[in-house]
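The values are calculated or read from the model by the stated rules, or taken from the named source; none is laboratory data. Just so you know, these numbers come straight off a predicted model, no measurement behind them. Quick reminder, even Gly has a Cβ in these numbers, built from the backbone with ideal geometry, and neighbours come from all protein chains shown. When the accessible area is computed, the model is the full protein with side chains, heavy atoms only, and any ligands, DNA or RNA have been set aside. Shrake-Rupley method; radii C 1.70, N 1.55, O 1.52, S 1.80 Å.
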Amino acid sequence: MKRYFTLAWVLFLFNVAFSQQDPLFTHFWHSNQAYNPAVTGLNHNHEVNLLGRWSWIGVNGAPDTQLGTYGAKVDKWKSGFGINYMRGSIGFSKVNKAVATYAYHIKFKNESTLSFGLAAGALIYSFDGSQLIFPTSSQEPLKSFTKATFICDFGLHFKKENLTVGLSSTGLNAPRMSFYQAARHYYLTTAYDFEFAEKWMLQPKFIAVSDAVKLSAQLHVLASYKKFLTFGAGYRISDAICVNASYRFKEKFRLGYAYDITTNKLSSISRGSHEIIVGLTF
């Protein structure tokens, strides 16, 4: 029975891994450089974000992801330059993605900004076939391997006063490494900041992502007090209810935490998902 369970679980994880491979961060508004290079250097002279996400606590082989992004603004060139590094694992596979990002910012007379962005770098996929357990001993084990390939992303981002809208695609070239196919993902993001009191701001934020097979979407509503204390809640369709809070101090440092309450088919065995962010802007 254990052998059959292990094989069934691996097949389930493969279904997750080969549908939407890009990680779904709860703090997507702080990780947006990872899926839309057009935001590079858009809002700050320098911006660093470090995120860690541990999904479906209590489920063996569940995804965990670490992400680091850095972006810098170069006003004389109307540009932004940056780097992203992401490491993720699910089941018996690991993915590392490292890219350089570039954005060109066009400012209009009405104070709006349109940015074009491109990211390019390396994708490394590793698979450990020695860990698989099959129902019969006659089943030939899958071979372990590690392969690297080129990958690129593209994005557009529009900003006018309190409104932002982004369109982007990751894995444009959809590279293949053995049986692993890196899927092309399409993103839509939008946000608007409402000032509803002297010291308070309401911030609805939305993201939708699809690999042309499945669609995932999140809607969050945040409340910000004096721009240093932010908290809110959101919903990811068919997956989780999310709560989060972050604190900004000395106008540079940011620390945030999010907890996802699992609502999908794993809700009976998952103890939820945790996410931590550390940020620096100057």
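Select, from VAL221, VAL243, VAL278, the only residue that is farther than 19 Å from ASP22 by Cβ, part of a strand (DSSP E or B), of a type in the set (Val, Ile, Thr) and over 17 Å from the mean Cα position of the chain (by Cα).
VAL221
Is it true that SER238 is touching a Leu at 6+ places or on another chain (Cβ under 8 Å) and of a type in the set (Gly, Ala, Ser)? If you could, list the steps in order and put the result at the bottom.
Working: touching a Leu at 6+ places or on another chain (Cβ under 8 Å): no; of a type in the set (Gly, Ala, Ser): yes.
So SER238 does not fit the description; no.
Please give the number of the condition TRP77 fails out of (1) open to solvent by 80 Å² or more (accessible area, probe 1.4 Å); (2) within 20 Å of TYR192 (Cα to Cα); (3) modelled with pLDDT of 95 or more.
Here TRP77 meets the rest and fails (2).
For the subset of the stretch 23-81 comprising residues that are aliphatic (A, V, I, L, M) and assigned to a loop (DSSP other than H, G, I, E, B), which member is farthest from the chain's Cα centre (by Cα)?
Per the stated criteria, the residue is VAL59.
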